[in-house]
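Student: Here you go, one structure.
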Amino acid sequence: MKRIVIIGGGTGGTLVANRLRRHTSTDELQITVVDRDDRHVYQPGLLFVPFGLERPEHIVRSRRAQLHDGIDFRLAEVDRIALDQDAVHLADDTTLDYDALVIAAGASLRYEETEGLRGPGWGESVFSFYSVEDATALRDALASFDHGRLVVNFVDLPIKCPVAPLEFCFLADWFLRERGVRERVEITLATPLDAAFTKPVAAGRLGGMLAERKIALETEFATGRVDGVGGRLVSWDEREVPFDLAVVIPPHGGPSFVGRSPGLGDELDFVDVDIHTLRSKAAPNVFAIGDAASLPTSKAGSATHFEGEALCANVERVLGGEEPEGSYDGHVNCFIESGFHKALLIDFNYEVEPLPGRYPEAHVGPLPLLRESRLNHLGKLAFQPLYWHVLLPGHEIPGVGAQMSMAGRQAPDREGGDQ
Amino acid sequence: MSTMTYADRQVDVDVDGFMTDPSQWNEEVATAIATEAGITELTDRHWLVVNFMRARYLESGSAPSIRTLGKASGVPIRELYELFPKGPAKLAAKIAGIPKPRGCI
Ligand SMILES: Cc1cc2nc3c(=O)[nH]c(=O)nc-3n(C[C@H](O)[C@H](O)[C@H](O)COP(=O)(O)OP(=O)(O)OC[C@H]3O[C@@H](n4cnc5c(N)ncnc54)[C@H](O)[C@@H]3O)c2cc1C
């Protein structure tokens with residue numbers, strides 16, 4: 001019998017375990033999922049918590065309960081991986097041996113890399129929203145925030161769901177309008193990028209939406225430190241953005257055990273993998289999926305889901321003594337919540353930037369791409385039950401293929417800019 | 001796409017002046033681009049960063065971010081800003097003769 005160890009019982013680890021369990025019998029393959037806690041957070045819900053649009057307890061479930069029968073769940077912290085011994089070392093000094101290993105341990109929030117971020121003023125004027133605790137504290141602060149300067153910043157890419165800071169701005173604008181205090185608040189998005197987004201066509205459209213809402217955009221702002229007491233963000237080139245309330249998304253890294261496992265990751269501890277087969281460059285029986293992998297695509301649950309198909313096929317091939325062939329194309333799609341019960345949808349891959357069109361069926365849709373609509377907002381809401389009941393069990397979403405389709409996409413008019 | 005002449009050599013550049021074909025680069029070209037950007041002398045510390053940048057691009061196909069430079073080039077972020085004022089990642093990429101960093105998604 002072969003043994004597979006999966007590190008992480010979040011989006012990727014859960015869907016891979018469930019998918020593999022369906023494909024293989026329990027006498028063929030033993031599947032162990034290791035996670036350090038039993039709280040599975042539906043992370044897209046964190047965006048809504050600060051505005052009272054989602055309750056923290058609604059987005060957390062047991063990890064174990066999401067795993068099919070016949071999968072072992074091990075509650076433990078991974079300390080490091082010994083690639084030469086095919087063994088995972090746990091913090092409690094025990095080891096797990098494997099024939100194949102899947103690293104699905106997500107990204108880590110590296111607050112400590114930004115001077116002052118969690119210093120004086122943290123929890124008073126400086127907040128974040130990428131964990132349940134952070135989002136809940138911010139909700140309490142926003143409830144009484146009725147005038148002053150609100151600054152939203154992400155220190156560096158990559159971050160999980162790179163559109164989340166934009167969505168946060170759009171929702172803040174809506175939230176403050178509903179409460180009748182929007183005129184008394186200045187909103188600024190301070191970004192390390194030179195535009196609202198990394199991809200040109202979408203950046204044009206999203207930049208226009210910020211301007212319409214009178215949200216200021218401070219570009220090429222590389223945050224060097226957060227001065228919570230003085231109420232200012234200071235960039236490495238000594239520019240300052242003053243704030244009364246700052247929402248700062250910390251730089252991300254890969255799982256810290258990757259850094260303690262020589263040869264496995266890059267400087268930021270993301271696992272170095274082949275971008276198509278998702279196999280580690282350091283060992284032939286090691287794979288990574290989701291936020292932990294160093295892939296040049298968005299760190300998103302949708303990407304993780306699309307990766308699952310290729311990854312599971314390749315793991316099965318390698319366990320059977322064959323070379324991997326399943327190929328992930330970088331496909332990802334993200335709903336961008338824009339407030340007032342509307343959202344945009346973007347869909348792209350390694351090669352093709354987000355373009356206008358319709359999704360999932362060319363011309364038919366029903367969801368319009370790169371355009372605000374009520375239907376897209378309903379799509380974003382529908383993602384939550386789909387997440388628990390279709391995505392995590394490792395099923396396909398009907399009509400939504402893992403590979404991106406170019407059919408019906410409107411090619412960009414480069415000179416024309418925003419369209 | 002247009003061309004520029006640096007140190008008597010014609011190179012292809014994009015609208016922002018970044019070279020699009022790293023094979024057209026040499027150290028004289030780098031010095032000329034640096035001079036144009038207001039850096040009068042490329043010191044050993046500059047070269048450390050420029051060479052790291054170039055090697056990383058040729059190996060991985062993308063340019064390292066400031067954070068990666070700070071962790072792996074051997075030059076801390078604060079000094080990077082002294083060596084390449086304003087935007088070290090972009091300026092060093094330009095001098096290293098590699099395409100404009102796209103900001104990984
Ligand atoms: C605010 C926010 C909004 C988002 N919105 C969207 C969205 O709208 N759409 C979308 O598609 N995606 C969205 N995402 C991103 C999405 O949630 C992630 O991309 C996805 O969950 C990644 O899955 P993963 O399996 O890689 O990591 P995770 O689901 O984070 O799982 C990683 C697991 O590894 C475990 N782990 C880590 N280290 C260890 C260790 N040393 N030992 C044991 N266990 C360990 C962790 O406990 C965790 O359970 C959002 C994320 C955030 C933060």
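Student: How many of the residues making up region B:62-79 are buried (at least 21 other Cβ atoms within 10 Å of the Cβ), touching a Lys or Arg at 6+ places or on another chain (Cβ under 9 Å) and within 30 Å of A:Asn333 (Cβ to Cβ)?
Tutor: 2
Student: Additional query: Are any residues in region A:1-42 away from the ligand (no atom under 11 Å from the Cβ), farther than 12 Å from A:Asp72 by Cα and not acidic (Asp, Glu), and if so, which ones?
Tutor: A:Met1, A:Lys2, A:Arg19, A:Leu20, A:Arg22, A:His23, A:Thr24, A:Ser25, listed by residue number.
Student: Moving on to the next point. Right, A:Phe221: within 13 Å of chain B (Cβ to nearest Cβ), farther than 30 Å from A:Leu83 by Cβ, of a type in the set (Phe, Trp, Tyr) and over 18 Å from the mean Cα position of the chain (by Cα) or not?
Tutor: So A:Phe221 passes the test.
Student: Related question: What tally of residues in region B:90-102 results from selecting those that are surrounded by 22 or more Cβ atoms within 10 Å (Cβ to Cβ) and at the interface with chain A (Cβ under 10 Å from one of its Cβ atoms)?
Tutor: Number satisfying all stated conditions: 0.
Student: OK, next. Scan region A:273-311 residue by residue and report those that are of a type in the set (Ser, Thr, Tyr), near the ligand (Cβ under 9 Å from one of its atoms) and within 14 Å of chain B (Cβ to nearest Cβ).
Tutor: A:Ser298, A:Ser302
Student: What residue, of B:Glu59, B:Glu82, is away from chain A (no Cβ under 11 Å) and open to solvent by 30 Å² or more (accessible area, probe 1.4 Å)?
Tutor: So the residue among B:Glu59, B:Glu82 that is away from chain A (no Cβ under 11 Å) and open to solvent by 30 Å² or more (accessible area, probe 1.4 Å) is B:Glu59.
Student: I would also like to ask the following. Looking only at region A:190-198, decide whether some residue is under 22 Å from A:Pro120 (Cβ atoms), more than 16 Å from the ligand (Cβ to nearest atom), surrounded by fewer than 23 Cβ atoms within 10 Å (Cβ to Cβ) and within 14 Å of chain B (Cβ to nearest Cβ).
Tutor: No, that holds for no residue.
Student: Turning to a different aspect of this structure: Going by what's in this entry, would A:Ala203 be described as crowded, with 18+ Cβ neighbours inside 10 Å and within 14 Å of chain B (Cβ to nearest Cβ)?
Tutor: yes
Student: Could you please let me know if A:Ile103 is within 14 Å of the ligand (Cβ to nearest atom), within 19 Å of the chain's Cα centre (by Cα), in the same structural domain as A:Val241 (by TED's automatic domain parsing) and under 30 Å from A:Arg74 (Cα atoms)?
Tutor: So A:Ile103 fails the test.
Student: Given the structure, is A:Leu345 outside any loop (DSSP other than H, G, I, E, B) and farther than 15 Å from A:Ala300 by Cβ?
Tutor: No; evaluated as a whole, the condition is false for this residue.
Student: Could you please let me know if A:Glu212 is away from chain B (no Cβ under 14 Å) and without any contact (Cβ under 8 Å) to a residue 12 or more places away in the chain?
Tutor: In short, yes.
Student: Sort through A:Leu20, A:Leu15 and tell me the only one that's crowded, with 22+ Cβ neighbours inside 10 Å and under 17 Å from the mean Cα position of the chain (by Cα).
Tutor: On inspection, the qualifying residue turns out to be A:Leu15.
Student: Hey, another quick one. Which residues, counting only those in region A:110-132, are in a strand (DSSP E or B) and either among the polar types (S, T, N, Q) or within 16 Å of the ligand (Cβ to nearest atom) (or both)?
Tutor: A:Phe127
Student: Turning to a different aspect of this structure: If I filter region A:375-385 for residues that are more than 24 Å from A:Ala293 (Cβ to Cβ), in contact with a Ser or Thr (Cβ under 7 Å, 6 or more places away or on another chain) and either open to solvent by 70 Å² or more (accessible area, probe 1.4 Å) or outside any strand (DSSP E or B) (or both), do I get at least one hit?
Tutor: no
Student: Counting just the residues of region A:236-261 that are open to solvent by 20 Å² or more (accessible area, probe 1.4 Å) and small (Gly, Ala, Ser), which one comes out farthest from the other protein chains (Cβ to nearest Cβ)?
Tutor: A:Ser256
Student: Against the definition (within 14 Å of chain B (Cβ to nearest Cβ), touching a residue at least 24 places away in the same chain (Cβ under 8 Å) and within 14 Å of the ligand (Cβ to nearest atom)), how does A:Leu264 come out, yes or no?
Tutor: No: the conditions fail for A:Leu264.
Student: Is it fair to say A:Thr136 is under 27 Å from A:Phe335 (Cβ atoms), away from the ligand (no atom under 16 Å from the Cβ) and open to solvent by 20 Å² or more (accessible area, probe 1.4 Å)?
Tutor: no
Student: Out of all the residues in region A:338-345, is one or more within 22 Å of A:Gln85 (Cβ to Cβ), within 14 Å of the ligand (Cβ to nearest atom) and small (Gly, Ala, Ser)?
Tutor: No, region A:338-345 contains no residue that is within 22 Å of A:Gln85 (Cβ to Cβ), within 14 Å of the ligand (Cβ to nearest atom) and small (Gly, Ala, Ser).
The values are calculated or read from the model by the stated rules, or taken from the named source; none is laboratory data. As the structure is a computational prediction, the values presented were derived from the model and not from experiment. Note that each Cβ is placed from the backbone with ideal geometry, even for glycine, and that neighbours are counted across all protein chains shown. These accessible areas exclude ligands, DNA and RNA; they are computed on the full protein's heavy atoms, side chains included. Shrake-Rupley method; radii C 1.70, N 1.55, O 1.52, S 1.80 Å.
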